[in-house]
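**Q** One structure, as structure tokens, below. Some questions next.
Any read-out appearing in this document is the output of simple, stated calculations on the displayed coordinates, not a laboratory observation. Not measured: the values here are computed from a predicted model. Note that each Cβ is placed from the backbone with ideal geometry, even for glycine, and that neighbours are counted across all protein chains shown.
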Amino acid sequence: MKKIVVIPGDGIGKEVMEAALLVLDALDLDFEYEFAEAGHECFQKYGDTIPEETIRLVKGADATLFGAVTTVPGEKSAIITLRRELDLFVNLRPVRSLPGVGGLFSGLDFVIVRENTEDLYVGLEEYTGDGAVAKRVITRRACKRICKFAFDYAVDEGFERVAAVHKANVLKKTDGIFREEFYKVARNYPGIKAEDFYVDAMAMYLIKKPREFEVIVTTNMFGDILSDEAAALVGGLGVAPSANIGKKHGIFEPVHGSAPKIAGKNIANPTAMILSTTLMLKHLKKKKEATLIEKALKKTLKKGIKTPDIGGKHTTTQVAQAIRDELIKI
Ligand code: NAI
Ligand code: MG
């Protein structure tokens, strides 16, 4: 029995989570779900966006599904707190074309592996006389473990190339270390082709020749930017899943937020959340079930059963129900 913590959160987070659970429920899984709270409504109830009880449950779980939360300035970020508490050093963003979602390209299948704990995100920013300075922290330990994850992922998923992205011509020390550690790790994977690119060039290649990439590994800030660019290639926020992975834990969430503008209307696209559950299934070594959901999702989209953001007329619930029906048929 696997213990799965479910944090629906705010706004459409709740709607897409309900849809995803409806789909998971069609499979014969040995999951025990525990619901936990986080986000803005949680803050209004308990004065805390991420209560100790939620952190405790997540720490004790085999995996966590996270919908989306509303982040209000001045309130602590729930997801950033969880990433830090659990040392989730990988942010995994698969970029895969789906039928009928209006991406800029078809036939894409690559993944961005973003370092999730350091770089400019350490919050070391201070005012100086006339301006301000932000510190960029890069350690060999973090570079090594993110690169190792990227190569292991390539092996597991049958990819043959890993590309490191950096700006070592300008950031000679920080990105110099990242590039060095990347090639050191690469030596242990003789079957995988290792190459490296400058981030500016990669921003262009993702638009000019995205089919040439398989696994891209990079530091936190570059990964943040490139992964949003990549999401646009395959249809945008409604279909972009992600995983935050550490040594022991994993939190699986759509890239999008709580989308207050469309919340409560049952029109949110559940695809990103559903694909996030397939990342969780793969993480829990349930590849077969993950593939079944992907197949059912593709069949549903091909039939034109989809939400308005990708040109459809169906509700969140109808899409989830259709995927569920496909799963039961398979
Ligand atoms: P957002 O991602 O929530 O929504 C932006 C727009 O994208 C929406 O208005 C909607 O038109 C579209 N969209 C997003 N997801 C969709 C879906 N599943 N189906 C259909 N359309 C979808 O970003 P926004 O509006 O900037 O932020 C709203 C709130 O969410 C903020 O409080 C923000 O801080 C928070 N947020 C939370 C995240 C998280 O929980 N990890 C991530 C990003 C934002
Ligand atoms: Mg971002």
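**Q** Compute the long axis of helix 287-302 from its Cα atoms, compare it with the longest principal axis of the Cα atoms of the chain, and write down the angle in degrees, 0 to 90, nearest 10.
**A** Between the helix axis and the principal axis of the chain, the angle is about 70 degrees.
**Q** How many percent of DSSP beta bridges within the chain run antiparallel, rounded to 5? Present the calculation step by step, with values, prior to reporting the outcome.
**A** Numbers: 19 of 45 bridges.
If I count the DSSP bridges inside the chain, around 40 percent turn out antiparallel.
**Q** What are the residues whose amide H is under 5 Å from the amide H of Val234, where those residues sit 5 or more places off or on another chain and H is modelled from the backbone?
**A** Leu104
**Q** So, how do all the Cα-to-Cα distances of the stretch 1-141 break down into 10 Å bins, in percent, from 0 on up?
**A** Final binned percentages: 10, 28, 34, 22, 6, 1, 0.
**Q** Now, a different point. By how many nm would the segment from Lys302 to Thr81 grow when fully extended, if each residue of separation counts as 0.36 nm and the alpha-carbon distance is taken off? Can you show the working numbers first?
**A** Numbers: separation 221, 0.36 × 221 = 79.56 nm, distance 3.84 nm.
Extending this stretch completely gives an extra 75.7 nm.
**Q** If you stretched the chain out fully between Lys329 and Lys265, how much longer would it get, using 0.36 nm times the residue separation minus the C-alpha to C-alpha distance?
**A** Details: separation 64, 0.36 × 64 = 23.04 nm, distance 2.88 nm.
Full extension of this stretch gives 20.2 nm more.
**Q** While we're here: If you plug each phi of the stretch 142-148 into the Karplus form 6.51 cos²θ - 1.76 cosθ + 1.60 with θ = phi - 60°, what whole-Hz ³J(HN,Hα) values come out, in order, with x for Gly and Pro?
**A** So the Karplus estimates, Gly and Pro as x, are 5, 5, 4, 6, 6, 5, 4 Hz.
**Q** Looking at the stretch 127-194, which GluC sites (Glu not before Pro) are in a loop (DSSP not H, G, I, E or B) and have at most 12 other Cβ atoms within 10 Å? Show your work: numbers first, answer last.
**A** On the way: sites: Glu157, Glu160, Glu180, Glu181; in loops: Glu160.
Those satisfying the criteria are Glu160.
**Q** Tell me, what is the FRET efficiency for Asp25 and Glu180 to the nearest 0.05, using R0 = 41 angstrom and their Cβ-Cβ distance as r?
**A** Working: r = 47 Å, r/R0 = 1.16.
Efficiency, from the Cβ-Cβ distance: 0.30.
**Q** Given a Förster distance of 41 Å, report the FRET efficiency between Lys288 and Thr139 from their Cβ-Cβ distance, rounded to the nearest 0.05. Walk me through the numbers on the way to the answer.
**A** Numbers: r = 38 Å, r/R0 = 0.92.
The value I calculate is 0.65.
**Q** Going through the stretch 161-200, which trypsin sites (Lys or Arg not before Pro) have at most 11 other Cβ atoms within 10 Å and a DSSP loop state? Please report the intermediate quantities before stating the final value.
**A** Values: sites: Arg161, Lys167, Lys172, Lys173, Arg179, Lys184, Arg187, Lys193; in loops: Lys167, Lys172, Lys173, Arg187.
Listed in order of number, the matching sites are Lys172, Lys173, Arg187.
**Q** From the cross-link list Lys148/Lys287; Lys247/Lys282; Lys193/Lys299; Lys14/Lys295; Lys14/Lys298; Lys167/Lys209, which pairs have alpha carbons spaced over 26 Å apart? Mind showing how you got there, number by number?
**A** Working: Lys148/Lys287 21 Å; Lys247/Lys282 15 Å; Lys193/Lys299 34 Å; Lys14/Lys295 24 Å; Lys14/Lys298 23 Å; Lys167/Lys209 20 Å.
From the list (Lys148/Lys287; Lys247/Lys282; Lys193/Lys299; Lys14/Lys295; Lys14/Lys298; Lys167/Lys209), the Cα-Cα distance tops 26 Å for Lys193/Lys299.
**Q** Whole-Hz ³J(HN,Hα) for each residue in the stretch 195-202, computed from phi via Karplus 6.51 cos²θ - 1.76 cosθ + 1.60 with θ = phi - 60°, x for glycine and proline: what do you get?
**A** With the stated coefficients, the stretch 195-202 comes to 9, 9, 9, 6, 4, 5, 5, 5 Hz.
**Q** Next question. Where the Cα atoms of the chain are projected onto their three principal axes, how long is each span, largest first, in whole Å?
**A** 53, 46, 39
**Q** I'd like the distance separating the alpha-carbon centroids of the stretch 218-242 and the stretch 18-72, in whole Å.
**A** About 23 Å separates the Cα centre of the stretch 218-242 from the one of the stretch 18-72.
**Q** Need one number: nm distance between label points at Asn188 and Thr128, each 7 Å from Cα along Cα→Cβ, rounded to one decimal.
**A** Distance between the two pseudo-spin positions: 3.8 nm.
**Q** Could you go through the stretch 116-121 in sequence order and give the Karplus-derived ³J(HN,Hα) for each residue, using 6.51 cos²θ - 1.76 cosθ + 1.60 with θ = phi - 60°, rounded to whole Hz, and x for Gly and Pro?
**A** 10, 10, 10, 6, 6, 7
**Q** Now, a different point. Which part of the stretch 1-28 falls in the paramagnetic zone of Phe35, meaning amide N under 16 Å from the point 7 Å along Cα-to-beta-carbon?
**A** Only 4-23, 25 pass the distance filter.
**Q** Okay, helix-only estimate at 222 nm for the chain: each DSSP H run of n ≥ 4 adds -39500 (n - 2.57), divide by all residues, round to 500 deg cm²/dmol; what do you get? Intermediate values should be presented prior to the final figure.
**A** Working: 11 runs with 134 residues, N = 330.
So the calculated ellipticity at 222 nm is -12500 deg cm²/dmol.
**Q** Based on DSSP, what percent of beta bridges with both residues in the stretch 1-149 are antiparallel, to the nearest 5?
**A** Working: 11 of 21 bridges.
In the stretch 1-149, approximately 50 percent of DSSP beta bridges are antiparallel ones.
**Q** Mind giving me the nanometre distance, one decimal, between the label points for Lys172 and Lys209, set 7 Å out from Cα along Cα→Cβ?
**A** Going from the Lys172 label point to the Lys209 one covers 3.0 nm.
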